[in-house]
Every structure is written in structure tokens, then in C-alpha cells.
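Asker: This is the structure, below, for whatever I ask next.
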Amino acid sequence: MLDKIKTISERIEAYTIETKDQLEQFRLEFLSRKGEITALFDDFKTVAPDIKRAVGQELNKLKVAAQNRFDSIQEQFEQSTDSKHTLRATDLTLPVIPNQLGGKHPISVVHDRIVEVFERMGFNLSEGPEIEDDWHNFSALNFPENHPAREMQDTFFIEKNPDVVLRTHTSSVQVRVMENEKPPIRTISPGRVYRNEAISARAHCMFHQIEGLYIDKQVSFSDLKNTLYHFAKELFGAETQIRFRPSYFPFTEPSAEIDVSCFICNGKGCGVCKQSGWVEIGGAGMVDPNVLQNNGIDPKKYSGFAFGMGVERITMLKYQIKDLRLFTENDIRFLRQFKHIQ
Ligand code: PHE
């Protein structure tokens, strides 16, 4: 009897079970009512009393072993999604799946770089709310009520209350800083802004700007130019040139659009700069005396400059990205390309 138990035990261990059919076969052969183990239990009745105890223990062990083997393989089948009802053996020679670390979003890469350059020039960081009131977004910045200048920026109004808007530019943070601080002020304010525009390759209803504000005694237009010149060289390369084109903003006078020489073709003319050799990165100007006055700063004593630039725009130029929508679609194939840029 003990010999029989031993051979069956060896057969159970060596039994190949790779398919559900084989598992069923195993059950029939050993565990079912007509199986070999059940038969052994019948034979057990005839075993001599002096060895009954020892044989009984072995027989129980055999039954438990067979049942365990059956249960564990059945469990593996339940977890396996393989439709062919086969168990795949684990292939230990397969290469490991690399641990996929994320990377910074391209907007963050460029944002961080811009902030770093201005921080080194002594600018601090300031922030303001994305939901603004009319005063901080428009009136304090010298946009008269019902003035067409407000139409320059298609505004999202918060339901029913025309006084509450999603800020259309980070210039609103200028106002908040002037309210709370005395000159000298040297600050940059990065953040999201919103405009009521149809989403396309070149326009979005949400994007990022970085605002700069510098107020002190005798701040001049040449300070503005030099600051932006230094910034452009740091961000786009030592050969970069800047140029100002006359423009209009209610809160600066004089006002200008900032162009930098095209860093793709070095000003020779290419697709990115549309053969002009220059690309626009933002707006700037001397803070209008009315704005200083509105915010309790004496324009006879102090002067200042301000600038604002689009982070998406600079990122698109820097990495030659043709469609603004890519930034918000979360397509991992796009984002992965920036993984190694810090
Ligand atoms: N706020 C302006 C815009 O969004 C940019 C700007 C900022 C212009 C500061 C001049 C000074 O278009």
C-alpha cells in the first residue's frame, strides 16, 4: 500500500498540466469518485491494524498534495486571460520592462527656463488669481469702460456678473503687486490666461504668459531694451538680436512688440520666421503714468517698464511645434520627445 502511495505521489508531481483539458484529466485520474486516490481510500479499509496509522497519514498527505496541485493550477487558469485555455510558462530570459519615468511638459521646461533667467537678473516671482475682477484685469490698467481697447482681448465673463472675468492677461498681477508693494519693484508673474477664441493650430482659449514689471526711480526705455536683450541672448543663444516695433497697449506708453532674430536661420529667413528673419515673442512698454497713479505710485517720482510674453509661442518657436493643440492633448508620443530636456 505504501509503495502504491509513493508511485501515485510521484506521478502527481510529474504530471504535465498545461491546458484546461489536462487539468480535468488530472482530476478524473486522481481526485474524482472513480479516481485512484478514492480507490486507495477503499483499499485502506483492509489494511492491517498495526500499520493503519502510518498508512493513513501517508494517504492523507497524498490527497492533500493532489488537491493543492489541482487548486493552484485552476487558480492560475482563472487569472490567465489566454483564450486558448493554456498556461504560458514564465520566460525568465525576457528583458525586463524598463521603469518608465515621466518628464517635464515642454511648457514647464520653457517656463522654468524663463523664470530662471529673470531670477538671475534680480526679479522675484509673484502670482495672482485666474478669476479676476474688472478692476485688476482692465480698469486699473487704463482700459476705460466701453473702450474699444477691451475688444483686443476676447473675454470670458463669469455668468451674469460682468465684473468677474477669467483674466485675459497676466498684466492683472502687475496691479496686485503695485497695490501691495512700494517701489523698487522688480517682479515676474507667470500664469494661465484665458481668451474666448475658437481652438485651432494657432489659437487656444487657455495659454500661459509671463509678465514682467520693473518700477523704480529713473527707469528708462533703454533699461527695458537691455533687460529683454539679455533675456533673449540667454534663452535663444548669444547671437540673438532683438527689435522693437511700435504698438499700442492702454497700460504702456510708448508700447512695442518685441521681436527676436530668428534663432532657426540666424536671421537669414526661413519657414519659421516666414522669411522675415524675425519672430515676435510678446509686448512691452513704459508703464503708463495713469496706471501708476491708479495704484498709488507717484508717477512724478517713479517710472517703470512692463512686458508680457507667451510661453506657448516661445515653446513653439524653440522646438518648431506647428500646432498649439498638442500641448493640451496629452499624447504621450508628443510629450515623450521632451523627456530629456530639463
Ligand atoms: N498684456 C499684454 C497682452 O496680453 C502684453 C503686455 C504686457 C504688453 C505688458 C505690454 C506690457 O497682449
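Asker: Please report LEU40, LEU2, LEU141, LEU94 as a ranked list, fewest other C-beta atoms within 10 angstrom at the top and most at the bottom.
Answerer: Going from least to most buried by this count: LEU94, LEU2, LEU40, LEU141.
Asker: Check which residues have an amide H placed less than 5 Å from VAL219's amide H, if you skip close sequence neighbours.
Answerer: Distant-sequence amide H within range of VAL219: SER303.
Asker: If you don't mind, another one. Would you calculate, for the chain, the mean residue ellipticity at 222 nm contributed by helices, counting each DSSP H stretch of 4 or more residues as -39,500 (n - 2.57) and dividing by all residues, to the nearest 500?
Answerer: -11000 deg cm²/dmol
Asker: What is the order of VAL272, VAL177, fewest Cβ neighbours within 10 Å to most?
Answerer: Ascending number of Cβ neighbours within 10 Å: VAL272, VAL177.
Asker: If contacts are Cα pairs under 8 angstrom and at least 6 residues apart, what is the relative contact order of segment 106-338 in percent?
Answerer: 21
Asker: Once you measure Cβ to Cβ distances between cysteines in the chain, which Cys have no partner under 4.7 Å?
Answerer: CYS205, each lacking another Cys Cβ under 4.7 Å.
Asker: Mind checking Rg over Rh on the chain, alpha carbons, Kirkwood formula for Rh?
Answerer: Value, to two decimals: 1.43.
Asker: Further question on the same structure: In whole Hz, what ³J(HN,Hα) sequence does segment 96-110 give by Karplus (6.51, -1.76, 1.60; θ = phi - 60°), x for Gly and Pro?
Answerer: For segment 96-110, the Karplus-derived couplings read 6, 7, x, 6, 7, 7, x, x, 6, 5, x, 5, 5, 4, 6 Hz, x marking Gly and Pro.
Asker: Along each principal axis of its Cα atoms, how long is segment 8-125 end to end? Whole angstroms, biggest number first, please.
Answerer: Computed over segment 8-125, the largest-to-smallest principal extents equal 99, 35, 24 Å.
Asker: Net charge within 9 Å of ASP259 by Cβ-Cβ distance, Lys/Arg positive one each and Asp/Glu negative one each, not counting ASP259 itself?
Answerer: 0
Asker: Please list, ordered by chain and number, the residues whose modelled amide H lies under 5 Å from the amide H of ASP154; skip anything fewer than 5 residues away on the same chain.
Answerer: Amide H neighbours of ASP154: ASN196.
Asker: What ranking of MET121, MET178 emerges when the number of other C-beta atoms within 10 Å of each C-beta is taken as an exposure proxy, fewest first?
Answerer: With the sparsest Cβ surroundings first, the list reads MET121, MET178.
Asker: Next question, about the same structure. Of the candidates LEU28, LEU92, LEU213, which one comes out as most mobile in a Gaussian network treatment of the chain with C-alpha springs shorter than 10 Å?
Answerer: The residue that fluctuates most here is LEU28.
Asker: Enumerate lysine pairs in segment 229-342 that are 8 or more residues apart or on different chains, then count those whose Cα atoms are under 20 Å apart.
Answerer: The number of close lysine pairs in segment 229-342 is 7.
Asker: While we're here: Just to be sure I understand: with springs between alpha-carbon atoms less than 10 Å apart, which residue in TYR194, TYR15, TYR214 has the highest mean-square fluctuation in the Gaussian network model of the chain?
Answerer: TYR15
Asker: By a straight-distance test (C-alpha under 18 Å), which lysines pair with LYS45 as possible cross-link partners, with residues fewer than eight away in the same chain excluded?
Answerer: Reachable lysines: LYS4, LYS34, LYS61, LYS63.
Asker: Could you tell me how many degrees, from 0 to 90 and to the nearest 10, lie between the Cα long axis of helix 171-180 and the main elongation axis, the longest principal axis, of the Cα atoms of the chain?
Answerer: 80
Asker: Calculate one ³J(HN,Hα) per residue across segment 10-18 by plugging θ = phi - 60° into the Karplus curve 6.51 cos²θ - 1.76 cosθ + 1.60, and present them in order as whole Hz with x for glycine and proline.
Answerer: Couplings: 5, 5, 5, 5, 8, 5, 7, 10, 10 Hz.
Asker: Also, quick follow-up: With θ set to phi - 60°, apply the Karplus curve 6.51 cos²θ - 1.76 cosθ + 1.60 along segment 243-254 and write out the HN-Hα couplings as whole Hz, x wherever there is a Gly or Pro.
Answerer: Per residue, the Karplus-derived 3J(HN,Hα) values read 8, 10, 10, x, 8, 9, 9, x, 9, 10, 7, x Hz.
Read the figures in this text as sums done on the coordinates, not as results from a lab. If you're wondering where the values come from, they're calculated on a predicted model, not measured in any experiment. Don't worry about glycine lacking a Cβ; one is built from the backbone with ideal geometry, like all the others, and counts go over all protein chains shown.
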